[in-house]
Amino acid sequence: MPWVALTIFAAFAQTIRTALQKHLKASLSIASITWARSSFGIPVAIIYFLMARHWGPPAIILTPAFIAASFLAAMFQMIGTFLLVWLFSHTNFTISTLYAKTEVIPTAIIGAAFFGEQLSLLRVLAIIVSVCGVIILSIPSPIGDFRRLLTLLSYKTAIIGTLSGVCFAFGSFCIKQASYYLHVNQPLVSSATTLLTMVILQTIILGGYLLINERGQLAKMKQNIYPMMAIGFTAIMGSIGWFIAFEQTHVVYVKIVGQIECLFAIAITHYFFKERFRPTDIVGGIIVGLAIVLLIATL
């Protein structure tokens, strides 16, 4: 199952990208950080597209349905990223990651309701187990300071986080539909075309907004050019993995395996920021791992 390896790769790249976005939140606006994701990733997306086209058909027809699905995917992804970065202003990185990774729930509901992605009882169980693992990973203290957790999970953050997850869920399905509308039976080609189209749309839309409303951010971007380049690179590398994986299986399956991002985040925090592993990290990590194994075992 190549999509499993691609999802793990994408989750690792996304972990680095999210950490970089959190780092830049102190010096740049939310729109600027969101724009970096696409604009600084365009060169990588172009290289990927040219490489994929080498093995692809002689011509690719961009149908109106493809353009519409790509536009919707771009908008949902931008809004979801905007909300996630905004969430950093209201709560900590851990709780923000909690909301981002519980997107598997709206993904399962949307997939079943609108896209025919029906789930067996065992796969529903895998979703529940994975979300429980993420919640345990997000408990702030080693002994389980639930009062502090409930304080961080405020009404406002709940709304922002839930909307972010819903946007990412809809965006993922629109990405899959856009690739389908190309009618190219080659995942590399369809994913590369969809990705390049989306990042161009996102760059133009958000770039226009910045020029009109936040022109002063341009000077600040120059001062943070290298982190923004890193965001663009990791965003595109992650998207390559996500996009191909979406074409190969149900979107919700990809989201469940993508929960491994939480484990990557803990590992990075431990090895690079020298924070100790907590008992909740170990328990939550084991539960998330079991959920992934349970899902794969039922496929």
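Computed from the coordinates by the stated procedures, all read-outs in this text should not be read as laboratory data. As the structure is a prediction and not an experimental result, all values here were calculated from the model. Positions of Cβ are generated from backbone atoms using ideal geometry, with glycine treated the same way; all protein chains shown enter the neighbour counts.
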**Message:** Can you tell me the length gained on complete extension of the stretch LEU125 to VAL283, counting 0.36 nm per residue apart and subtracting the Cα distance?
**Reply:** 55.1 nm
**Ranked LEU6, LEU121, LEU294, criterion: other C-beta atoms within 10 Å, fewest first** = LEU121, LEU294, LEU6
**Prompt:** Got a sec to turn the phi values of the range 31-48 into Karplus ³J(HN,Hα) couplings, 6.51 cos²θ - 1.76 cosθ + 1.60 with θ = phi - 60°, whole Hz, x for Gly and Pro?
**Reply:** 5, 5, 5, 5, 5, 4, 4, 9, 4, 7, x, 4, x, 5, 5, 5, 4, 4
**Message:** Tell me the volume per residue, in Å³, of the convex hull enclosing the alpha carbons of the range 214-256.
**Reply:** 93
**Message:** Could you list PHE173, PHE243 so that the one with the fewest beta carbons within 10 Å of its beta carbon is first and the one with the most is last?
**Reply:** PHE173, PHE243
**Asked** Is the range 185-299 best put as rounded, prolate or oblate by its Cα gyration tensor, with a ≥ b ≥ c the root eigenvalues, rounded for a/c under 1.5, and otherwise prolate when a/b is larger than b/c, oblate when not?
**Response** oblate
**Fill in**
Which residues qualify? For THR63, with a placed amide H closer than 5 Å and at least 5 residues away or on another chain, they are none
**Asked** What FRET efficiency comes out for the pair GLN248/ARG215, r = Cβ-Cβ distance, R0 = 30 Å, nearest 0.05?
**Response** 0.10
**Message:** Distance between the C-alpha centers of the range 180-196 and the range 115-139? Whole Å please.
**Reply:** 29
**Request:** Would you mind computing, in nm to one decimal, how far apart the modelled labels at PHE114 and ILE159 are, each placed 7 Å from Cα along Cα→Cβ?
**Result:** 2.2
**Item:** Gyration tensor verdict on the range 155-234 (Cα atoms; rounded if a/c is under 1.5, prolate if a/b is larger than b/c, oblate otherwise)
**Value:** oblate
**Message:** Could you give each residue of the range 289-299 its phi-based ³J(HN,Hα) in whole Hz, using Karplus coefficients 6.51, -1.76, 1.60 with θ = phi - 60°, and x for Gly or Pro?
**Reply:** x, 5, 4, 5, 4, 4, 5, 4, 5, 8, 7
